[in-house]
1. Restricting attention to region 44-82, report how many residues are of a type outside the set (Lys, Arg), surrounded by 13 or more Cβ atoms within 10 Å (Cβ to Cβ) and assigned to a strand (DSSP E or B).
2. Restricting region 56-83 to residues that are out of contact with any Phe, Trp or Tyr (no Cβ under 9 Å at 6 or more places or on another chain) and charged (D, E, K, R), which is farthest from Glu43 (Cα to Cα)?
Amino acid sequence: MSKELTPLNNIKQYVRDMKIEATVIDGVGCTVLKEVFNGVILETRGGNQIGIYMRDDTMDINVMPKGKHTGNWWRVDMQEGEIVFDGIAKNSDDLAPLTKGDKHE
């Protein structure tokens with residue numbers, strides 16, 4: 001019996017495939033996620049979220065106060081070590097992370 005391909009099954013496969021390591025940076029223990037091919041959302045106890053989407057050579061970030069998607073996208077400039085504003089989604093249907101070279105208007 002073959003498994004039906006659904007978004008949840010796809011995410012479960014991504015989680016199985018990614019690599020999780022523990023390390024110490026500046027004396028503090030950290031969790032390192034590698035080869036994450038879907039978005040990761042970090043959520044505080046108060047429900048505030050940050051979505052992180054890995055690209056081949058950078059990352060896109062979306063800040064979501066109380067879990068509400070704002071459509072504001074930020075890109076990590078790995079060469080300069082900065083996070084720069086990358087654009088605003090046009091509408092509520094345009095909330096997916098950017099692909100390299102694309103810009104939300």
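Each value in this text was obtained by applying a stated rule to the coordinates, not by laboratory testing. Keep in mind it's a predicted model, so treat the numbers as computed, not measured. Because the Cβ atoms are built from the backbone with ideal geometry, glycine has one as well, and the counts that use them run over all protein chains shown.
1. Initial filter on region 44-82 (of a type outside the set (Lys, Arg)): 44, 46-54, 56-65, 67, 69-74, 76-82.
Those left that are additionally surrounded by 13 or more Cβ atoms within 10 Å (Cβ to Cβ): 48-54, 58-64, 69, 71-74, 76.
With the extra rule that they be assigned to a strand (DSSP E or B), the set shrinks to 49-54, 59-64, 72-74, 76.
Within region 44-82, residues that are of a type outside the set (Lys, Arg), surrounded by 13 or more Cβ atoms within 10 Å (Cβ to Cβ) and assigned to a strand (DSSP E or B) number 16.
2. Applying the first criterion (out of contact with any Phe, Trp or Tyr (no Cβ under 9 Å at 6 or more places or on another chain)) to region 56-83 yields 56-58, 64-71, 76-82.
Those left that are additionally charged (D, E, K, R): 56-57, 66, 68, 77, 80, 82.
Working: Asp56: 24, Asp57: 24, Lys66: 9, Lys68: 12, Asp77: 23, Glu80: 27, Glu82: 22 Å.
Here the residue is Glu80.
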